[in-house]
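Right, one structure below, let's go through it.
The values are calculated or read from the model by the stated rules, or taken from the named source; none is laboratory data. Quick caveat: nothing in here was measured; it's all calculated off a predicted structure. Reconstructed Cβ throughout: ideal geometry from the backbone, glycine too, with neighbour counts over all protein chains shown.
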Amino acid sequence: MTETQKSEQYLTFLLNKDSYAFNVLKIREVLELVRITRVPRTPKFMAGVINLRGRVVPVIDLRIKFDMEEGDKTIDTTIIIVEVDYQEEIIVIGALVDSVRAVVRLEQSQLEPPPKIGMNLDLNFIEAIGKNGNDFIIILNVDKIFSAKELSFLNNEMSIKDDGILKNE
C-alpha cells in the first residue's frame, strides 16, 4: 500500500446525534453501561469510577467534557475503555457515549484536517474529519482530549494507574 492508500480502522459512536470515532488501536474494550460510582470533589465531566474485573477505572462523560447537555442513560449508552498516553504511562479511562455504531475503515483520502476556526479555540483533540458517504465523522485523538492538568488529576491525585489500584493521597 502506498501512503495515499493507507487506511485506518475507527470505532464510531454517537454523542448528541453526531458521529465521532476513536482509532481502534486506542481501544481496550467496549462495555454495556454498568453502575458508575460518583467520586466526590471531582470535575463535573468525571462521571465516576467503575469496577472492571477488580480494577478501578475512571469514567468520563464525553457529552459534559465537550460542553453538551447531559443525555439520558438508555439501553444503548456505552462505556468505551480507552488507553491514554500520558508522560510515558498508559492511563486507562472509560468514555461514556450515547451509543456505539460500528467499526469503519477510512482511507487517507476520506480524511480532512479539522477546520481552522478564526476564534481562539483549542481543537487539537480533533485528529480529522472523516467522510463516510454523506456523513461526517469527527475523529478524536484520545491522547489530546484531556489537558495535562486533568490527566495529572486522574493519574496523581487519584493514583489510578494501569495496575488499577486506587489510593487516596
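Consider Glu83 against the criteria (1) more than 17 Å from Asn141 (Cα to Cα); (2) in contact with a Lys or Arg (Cβ under 7 Å, 6 or more places away or on another chain); (3) acidic (Asp, Glu); (4) at pLDDT 90 or above: it satisfies all of them except one. Which criterion is unmet?
(1)
Cβ-Cβ distance below 6 Å, separation of 6 or more or different chains: which pairs start in segment 24-48 with a residue that is free of Cβ contacts under 8 Å to residues at least 60 places away in the same chain and end on one that is loosely packed, with under 13 Cβ neighbours inside 10 Å and assigned to a strand (DSSP E or B)?
If the second residue must be loosely packed, with under 13 Cβ neighbours inside 10 Å and assigned to a strand (DSSP E or B), the pairs left are Gly48/Thr37.
Restricting the search to segment 52-81, which residues are of a type outside the set (Val, Ile, Thr), closer than 13 Å to Leu14 by Cα and in contact with a strand residue (DSSP E or B) (Cβ under 6 Å, 6 or more places away or on another chain)?
Answer for segment 52-81, where residues must be of a type outside the set (Val, Ile, Thr), closer than 13 Å to Leu14 by Cα and in contact with a strand residue (DSSP E or B) (Cβ under 6 Å, 6 or more places away or on another chain): Asp61, Leu62, Arg63, Asp76.
Just to be sure I understand, how many residues within segment 123-169 are in a helix (DSSP H, G or I) and at pLDDT 65 or above? Spell out how you get there, then give the answer.
Let us first name the residues in segment 123-169 that are in a helix (DSSP H, G or I), namely 148-157.
Of the ones still in play, those that are also at pLDDT 65 or above are 148-154.
So the answer is 7.
Testing Asn16 on (1) at positive phi; (2) within 15 Å of the chain's Cα centre (by Cα); (3) modelled with pLDDT under 90, one condition comes back false. Which one is that?
All conditions are met except number (3).
A quick yes/no check of all residues on (1) more than 15 Å from the chain's Cα centre (by Cα); (2) not small (Gly, Ala, Ser):
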{"position": "Val59", "(1), (2)": "no, yes"}
{"position": "Arg63", "(1), (2)": "no, yes"}
{"position": "Ile91", "(1), (2)": "no, yes"}
{"position": "Ser99", "(1), (2)": "no, no"}
{"position": "Arg105", "(1), (2)": "yes, yes"}
{"position": "Gln108", "(1), (2)": "yes, yes"}
{"position": "Pro114", "(1), (2)": "yes, yes"}
{"position": "Asp135", "(1), (2)": "yes, yes"}
{"position": "Ile139", "(1), (2)": "no, yes"}
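Any idea which residue in segment 86-122 is nearest to Lys149 (Cα to Cα), counting only those that are at pLDDT 90 or above and acidic (Asp, Glu)?
Asp98
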